[in-house]
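Q: Structure in C-alpha cells, see below.
The values are calculated or read from the model by the stated rules, or taken from the named source; none is laboratory data. Just so it is clear, the model here is predicted, and its values are computed rather than measured. Glycine also receives a Cβ, built like all others from the backbone with ideal geometry; neighbour counts cover every protein chain displayed. Calculation scope for accessible area: heavy atoms of the full protein, side chains included, ligands and nucleic acids excluded. Shrake-Rupley method; radii C 1.70, N 1.55, O 1.52, S 1.80 Å.
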Amino acid sequence: MGLCESMRHVWRLRGSAGALRASVGAMLLGISLSQSGSLTTCAPAAAPLNLTELDYQDTIARDTGVRFMAPLVQSFLHTVQPNPFPRNLILKTIDSYPQVLSDPELIKEVLVYEVGFLVCAAIGILYIVLMPIVGFFLACCRCCGNCGGTMYQKQTSSINCRRRTLYWSTLFTTLIILAGNICMFKSNEAIKVSVDETPVQLNKTLDNIQNFLTVVPQQIHDVVNGSYKTIQKVTRNLDDIGPQLGTEIQERFKVTLDQALLPVRRLNQETRNISVELTELNSSLARLQSSTDRLQDNITDVKNRINRTLSRPNCLICQTLRPALQNLTLDISLTIPGLSTIQSAMDEVVRINLTARIQEVESYFNSIPQRVASETEDLVQKSKQLLGDIETQISQIATELPVSGLMNMRETLSNLHREINSVTAEVEKAEHIRWGVFVALCCVVLLVVVCNLLGLVLGPLGLTPSADPTKRSCTADCGGTFLMMGAGFSFLFSWLFMIVVVLLFLVGGNLYTMVCRPWNDGQLLKIIDSSDLTTQITEDLGLKTKVNFSEIYRDCEENKTVWTTFHLNEIINLEEILNVSKYTEQIKKQFENTDITLSTITLLSPEVKDQLGNLSSKVNGLDFSAIKQQINNASRINLNTTADELELAASKTDNVTGEELRNEANDLRQIQASIETTIIPQLENLNSSVKNLQSMTEKIEGTVGELLRNVGAAQDFLNTNTTEIVKTESRMFLDCQLGYFIAYADWANLTITQQVGRCQPVAGALDSVEIITCAYAVESLNAFWCSLGWCMIFFIPSIIFSIKLAKYYRRMMRSDVYDEHIVMNHIPRAHMKIT
C-alpha cells in the first residue's frame, strides 16, 4: 500500500482527521483516483504556526520572616476552633443576608460555632477589667503602707535565698517578655512588608490573568490561521498544477522515451556521418579519376614515342620490348558496386528527417505540463471556490468558542486593576499610621523590659548584703525604683494592650479559620461553587456545564487546557466544523466528469520503420572487400620496371636509338614519381574512407535493430499506460494535498484540545493571592497579636516578681537587726551582669 493509501486509511480511523479528508479533496481539485505504487514524493507541508506564548511575571513575594511562629499560632487556633468549616452555616448566612441579625437561630448557631473564640475573648475581657482594678487597689494598699508598701524589711536567715529566687524569676520572666517583644517588632515589620507587597503582587497576579485571557483568543486565532496557511499552500499548488503534476507525469515517461529516442538520435547521427563519408568518397574518386586521366595521357604519349623508336629498322632488340609496351598503361578506373544504392538509402533517411521526429516527440513531452494546466483550468477555479467555503467553515472555531466572554472577564479585571491602583495611596497612608501605632506598642513593652533589666542590673550592683537596709546605696535604690516603674507601666498599659490583642485575635483568628484554612483544603472554593457567581460566569462564557471552581482549580494545577477545563466540547462540535465531506463529494463528481487526457503520439510510422529496415539491408549489400582489392591492385602499378627494360635495350642498340630509349625511360620514371606522389596518397585516402564507411555501415544494422525494438516497446508503453500514468500521478497529487490537511487536522485537534489555554497561570494566580493573603498578611497579623498577648500574659508574673524583688534593693525607712549577725552573702557578679 502506498504512502497516500496509508494516509487515507489513517484518516478513516481518526474522527477529527477524517473530517478533514473532504477539505483535502476540495483542495485537490479532483485530480483522480490514485494507483498504489506511485513513486511521487510530496513537497514539505507548511510548517504549523507556533502558538503565541507569554512570559508571566513572578508573583513570589518576599519572605516576611515570621513563618517560624505559624505552627504555634495555627496550633493555638486549631485548639480554639476545632470545628470543621461551617459550609452550611455560611450558605445559610449568605441566603439570610441582610436579615442575619433578625434570625435568633442563626445567631445562636454562629455563637456556638465561635464558642472557642468567645471563651478566649472573655478571658481577654477579664484581663482588661481586672488588671486596672488590681493595679488601682494595689496602689491604694501601698499608699496605705500595705502590700509591701511599708518601708521596713525584716532580716532573716533566708533573706538572701529569697532575694536570689526572686531575682532569677524576674530575670527569666523579663527575658520571655523580651523574646515576645522581639517577635512583635518582627511581626510588625512583616505586616508592613505584606501591605507594601500586596498591591504589587496583586497587580502582577491580575496582569498574569489578563495576559492569560488575552493569549487564549490569540492562540485560537493562531489555530485558525494554521488552516489559512494550509489552504494557501494548496491554492498555490492548484495554481501550479501544470508544472507540478505535469512534471511528475513527465518523469514517468522520461525513462521509456529516453530509451526510445537514444537509438533514434544515434541513427540520425550515424546516417549523417555516412552521408558525409559518402560525399567524401565520391570526391576522392573524382579527384583520383582526374589525376589518373592526366597521367594516363602522359603514359600514352610516352608509349607512342617508344613505339616509333622501336619501329626503326636498325633496332634489332626492339622487338623484344613490345610485350612490355602492352602492359604500359595506368588502368585505375575504380568501381564501387552498390555505392549508389547506399547513397539512395541515405537520401531516403534524410527525407525521413529523424531530427524533426525527435523534436516532435520532445515537444510532445515538454507540452505535458501545459496540457495538464489547460485541461484542469475550469476545475481549478471551481475548487478554489470550495476552498473559500472551507476557509469560512473553519473560521467558525474562532466565533463559536467563548472568546467574547473571556474578553469581558478581562475588562472586569482591568477595572479591578484600576480600583486597586486608586486605593493604593490610601492604603499606604493607613499602613503608615498602623505601623506607627504598632511601633509605639512595641516600644512600651520594650520600656517595661528595659525598666526590669535596669532594676536587675543596678540593684545587685549597688547592694551590700551586710549593710543596714536603711543605708542601702543610691544605685541599689535606683534598681528597686526601676523594678517598680516596670510594674507600674505594666499595670498602666497591659489592659489597653489586651484590648488590641482581643480585637486582632478575633480578626486574624477568624480570617485564618474562616478563610485561609478552608482555602487551603478547598472548602472555600466549594462555597464559591454554591454561589450565584458560578451561574453568572457560566452565562457570561456561554457554557452549558455550570462552572465548578474546585474542578477548574484542580485542572489548572495540572496545567490542563480550557477545552478540558470548561468542557468546550459541549458548546462547539469541532469535528463538525472540520467536517467538509460534502465538498469532497462535489469535487469527486467534478473530477469524474473531468479527464486529463494526453493524446497518444506515434513515434515512428510503419512506412518509416520499413524504410529503416531497407536501409539496414541495403547497407549490408556493399562488398567492401572487392573495393579494397581494386585499391590494392592500383597501388601495385610500377613503371620503373618498363623503364629498366628500356635502359637495358638502349645499351644494346645504336647511339641514336639508345638515346631515345633512355629519354623515354626517364619519362616513365617521372610518371612513376608522379604516381607515387599523387595517385598513391589519393588511393590511401580512398582506402581510409572505405574503411570508415565500412565501420559506420557495420553499426547501422545494430542501431536500426535497437531503434525498432525500443521504439516498439515505447510505443506499446505509451499506448497502454498513458491513461493509467495520468490517473496514478493525479491521485498521488491529490493525496499529497490530502496529506497537508491531515497534518493540519492532527495539529489543530491536538492544539485546541491539549495546548490552547493551558491554565496553570490561573491556578498560580490563585495560589499567589492565597500566599499574599494568608501566608504573609494573616500570618503576620496573627504573629503580632500572639507576640503581644504572650507579653501581656507574662506581665502578670513580671509584676509580682518585680514588686517583691524591689524591696530587697530599695532603701528602707526603718531597720531590723538580726541577732545572730549572720553575714549576708553578696549576689555574685555574674548575676549583676545579667541584662
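Q: At pLDDT 90 or above, open to solvent by 70 Å² or more (accessible area, probe 1.4 Å) and outside any loop (DSSP other than H, G, I, E, B) - does that describe any residue in the range 137-160?
A: no
Q: Only residues in the range 634-649 that are closer than 14 Å to residue 667 by Cβ count as the first member; pair them with residues that are among the β-branched types (Val, Ile, Thr), Cβ under 6 angstrom, at least 6 apart or cross-chain, and list the lot.
A: What qualifies is 639/671.
Q: Between 477, 521, which is farther than 30 Å from residue 546 by Cα, of a type outside the set (S, T, N, Q) and open to solvent by 10 Å² or more (accessible area, probe 1.4 Å)?
A: Unique residue meeting the criteria: 477.
Q: Would you say residue 169 is assigned to a helix (DSSP H, G or I) and open to solvent by less than 10 Å² (accessible area, probe 1.4 Å)?
A: no
Q: Just to verify a result, which residue in the range 524-563, among those that are part of a helix (DSSP H, G or I) and of a type in the set (Asp, Glu), is surrounded by the most Cβ atoms within 10 Å (Cβ to Cβ)?
A: Taking the candidates together, the pick is 555.
Q: Can you report the number of residues in the range 238-264 which are within 30 Å of residue 744 (Cβ to Cβ), open to solvent by 10 Å² or more (accessible area, probe 1.4 Å) and in a helix (DSSP H, G or I)?
A: 8
Q: In addition: With respect to residue 267, determine if the residue is open to solvent by less than 10 Å² (accessible area, probe 1.4 Å), over 28 Å from residue 395 (Cα atoms) and either touching a Phe, Trp or Tyr at 6+ places or on another chain (Cβ under 7 Å) or not in a helix (DSSP H, G or I) (or both).
A: No.
Q: Return the only residue of 778, 762, 756 being under 39 Å from the mean Cα position of the chain (by Cα), more than 29 Å from residue 267 (Cα to Cα) and assigned to a helix (DSSP H, G or I).
A: 762
Q: List the residue pairs whose Cβ atoms are under 8 Å apart, where the first residue sits in the range 554-573 and is under 19 Å from residue 395 (Cβ atoms), the second is open to solvent by 70 Å² or more (accessible area, probe 1.4 Å), and the two are 6 or more positions apart or on different chains.
A: 563/569; 563/754; 571/400; 571/544; 572/400
Q: Let me ask something additional. Please enumerate the residues belonging to the range 503-518 that are of a type in the set (Val, Ile, Thr) and either on the phi > 0 side of the Ramachandran plot or surrounded by 20 or more Cβ atoms within 10 Å (Cβ to Cβ) (or both).
A: 513
Q: Let me ask something else. Out of curiosity, is residue 454 on the phi < 0 side of the Ramachandran plot, modelled with pLDDT of 90 or more, surrounded by fewer than 22 Cβ atoms within 10 Å (Cβ to Cβ) and not hydroxyl-bearing (Ser, Thr, Tyr)?
A: Against the criterion (on the phi < 0 side of the Ramachandran plot, modelled with pLDDT of 90 or more, surrounded by fewer than 22 Cβ atoms within 10 Å (Cβ to Cβ) and not hydroxyl-bearing (Ser, Thr, Tyr)), residue 454 qualifies.
Q: Test of understanding: among 290, 275, which residue is open to solvent by 10 Å² or more (accessible area, probe 1.4 Å), of a type in the set (S, T, N, Q) and farther than 30 Å from residue 638 by Cβ?
A: Result of the check over 290, 275: 275.
Q: Hey, can you tell me all the residues within the range 750-768 that are open to solvent by less than 40 Å² (accessible area, probe 1.4 Å) and farther than 19 Å from residue 218 by Cβ?
A: 763, 764, 768
Q: So, one more: Across the range 90-136, what is the number of residues that are modelled with pLDDT under 80, outside any helix (DSSP H, G or I) and within 60 Å of the chain's Cα centre (by Cα)?
A: 4
Q: Criterion first (under 55 Å from the mean Cα position of the chain (by Cα), buried (at least 17 other Cβ atoms within 10 Å of the Cβ) and among the hydroxyl-bearing types (Ser, Thr, Tyr)) does residue 383 satisfy it?
A: Spelling it out, residue 383 is indeed under 55 Å from the mean Cα position of the chain (by Cα), buried (at least 17 other Cβ atoms within 10 Å of the Cβ) and among the hydroxyl-bearing types (Ser, Thr, Tyr).
Q: Under 7 Å by Cβ, and 6 or more places apart or on different chains, what pairs join a residue from the range 121-132 that is of a type in the set (Gly, Ala, Ser) with one that is surrounded by 14 or more Cβ atoms within 10 Å (Cβ to Cβ)?
A: 121/502; 121/506; 124/498; 124/501; 124/502
Q: Go over the candidates 444, 423, 437, 450 one by one and state the one that is more than 30 Å from residue 481 (Cα to Cα) and either part of a helix (DSSP H, G or I) or of a type outside the set (Asp, Glu) (or both).
A: 423
Q: Which number in (1) modelled with pLDDT of 80 or more; (2) farther than 22 Å from residue 212 by Cα marks the one condition that residue 531 misses?
A: (1)
Q: Residues of the range 628-683 being over 17 Å from residue 293 (Cα atoms), touching a helix residue (DSSP H, G or I) at 6+ places or on another chain (Cβ under 9 Å) and of a type in the set (Val, Ile, Thr), which ones?
A: Scanning the range 628-683 gives 641, 642, 653, 657.
Q: Another question, if that's okay. Which of (1) open to solvent by 20 Å² or more (accessible area, probe 1.4 Å); (2) farther than 30 Å from residue 71 by Cβ; (3) modelled with pLDDT of 75 or more; (4) of a type in the set (Val, Ile, Thr) is the odd one out, the single condition residue 500 does not satisfy?
A: Among (1) open to solvent by 20 Å² or more (accessible area, probe 1.4 Å); (2) farther than 30 Å from residue 71 by Cβ; (3) modelled with pLDDT of 75 or more; (4) of a type in the set (Val, Ile, Thr), residue 500 violates only (2).
Q: So which residues in the range 235-292 are over 30 Å from residue 631 (Cβ atoms) and among the small types (Gly, Ala, Ser), if there are any at all?
A: Once the filter is applied, which keeps residues that are over 30 Å from residue 631 (Cβ atoms) and among the small types (Gly, Ala, Ser), the range 235-292 yields 242, 246, 260.
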